[in-house]
1. Has segment 18-28 got at least one residue that is loosely packed, with under 13 Cβ neighbours inside 10 Å and polar (S, T, N, Q)?
2. Identify all residues within segment 33-56 that are assigned to a helix (DSSP H, G or I) and charged (D, E, K, R); write none if there are none.
3. Restricting attention to segment 57-87, report how many residues are modelled with pLDDT under 90 and assigned to a loop (DSSP other than H, G, I, E, B).
Amino acid sequence: EACHNLLFTTCFNSFGGMKIFFPNMIKWIGRAGVNLHTQLAREIRTAVKANGGKITMGAMEQMPLMKSVVYEAFRIEPPVPVQYGRA
């Protein structure tokens with residue numbers, strides 16, 4: 001039962017992330033403009049090149065702007081709008 005619950009949670013979160021959060025994140029990146037697009041492309045290409053052309057967790061740790069963009073998209077439009085209390 002524990003394995004079933006773990007598998008269900010993993011699949012459910014993966015589906016939710018791709019179906020709900022990913023389009024929202026792409027929307028906000030698209031609206032941000034050319035300056036952010038250029039900075040993100042430069043940062044991502046540099047980190048991937050430094051890691052032998054592979055996207056690894058180590059490469060993602062070298063991308064502070066990418067992490068900031070993802071966190072900002074979560075802040076602006078969380079996948080579960082009522083997840084956080086409001087005053």
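1. no
2. ARG42, GLU43, ARG45, LYS49, listed by residue number.
3. The total comes to 11.
Condition check ((1) surrounded by 11 or more Cβ atoms within 10 Å (Cβ to Cβ); (2) β-branched (Val, Ile, Thr); (3) touching a residue at least 24 places away in the same chain (Cβ under 8 Å)) across all residues:
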position: CYS11; (1), (2), (3): no, no, no
position: GLY30; (1), (2), (3): no, no, no
position: GLU43; (1), (2), (3): yes, no, no
position: GLY52; (1), (2), (3): no, no, no
position: MET60; (1), (2), (3): yes, no, no
position: MET63; (1), (2), (3): yes, no, no
position: LYS67; (1), (2), (3): yes, no, no
position: VAL80; (1), (2), (3): no, yes, no
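The values are calculated or read from the model by the stated rules, or taken from the named source; none is laboratory data. Nothing here was measured: the structure is a model prediction, and the numbers come from that model. For neighbour counting, all protein chains shown are included, and Cβ atoms are generated from backbone atoms with ideal geometry for every residue, glycine included.
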